[in-house]
Amino acid sequence: MPDMIQIPECRSSKVVQLYISASDKPIYVCDIPVLGAGEERVFRWHGEVLKSTLQRLGIPFDQIDLDSGRTGPKKEGNGYQLTGAGLCARIGDMLNFGEYSRDYGIGIDLEHINRHCAPVFEKAGLKWRIR
């Protein structure tokens with residue numbers, strides 16, 4: 001089984017937060033394309049990050065028209081539920097979460113981070129905050 005809590009490794013990351021059924025374990029995802037001459041930039045949308053995550057986990061989903069006008073997985077499907085989405089800016093050992101998803105009209109889920117992600121971050125020697 002792939003890691004359920006993925007620590008953002010890049011300077012700027014799109015993140016999605018969800019729960020999968022059956023095990024009630026959270027999935028925290030960072031899926032970042034790095035483009036340019038040494039500069040890391042995020043060019044993917046939250047719908048693409050959610051799609052990639054669900055595919056990686058082998059969870060089927062239906063595509064819909066998103067709030068942003070793009071297409072992507074529904075917020076909730078057979079075996080999963082999206083609870084948060086936003087950005088993470090990593091500077092050294094600090095993870096700064098904020099913003100919201102135009103695809104899904106939701107922001108970072110603070111409870112999800114406090115309950116499930118924070119222990120993983122702390123174990124890795126990372127600090128975090130919500131901007």
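Tell me, which residue of the stretch 108-131 that is within 18 Å of Thr53 (Cα to Cα) and touching a Gly at 6+ places or on another chain (Cβ under 6 Å) is surrounded by the most Cβ atoms within 10 Å (Cβ to Cβ)? The residue in question is Asp109. Of Thr53, Thr83, all but one fail to be buried (at least 16 other Cβ atoms within 10 Å of the Cβ) and within 18 Å of Phe121 (Cβ to Cβ); the exception is Thr83.
Since every read-out is calculated from the coordinates, none of them should be taken as a lab result. Please read these numbers as outputs of a predicted model, since none were measured by experiment. Please note: Cβ atoms are built from the backbone with ideal geometry, for glycine as well, and neighbour counts cover all protein chains shown.
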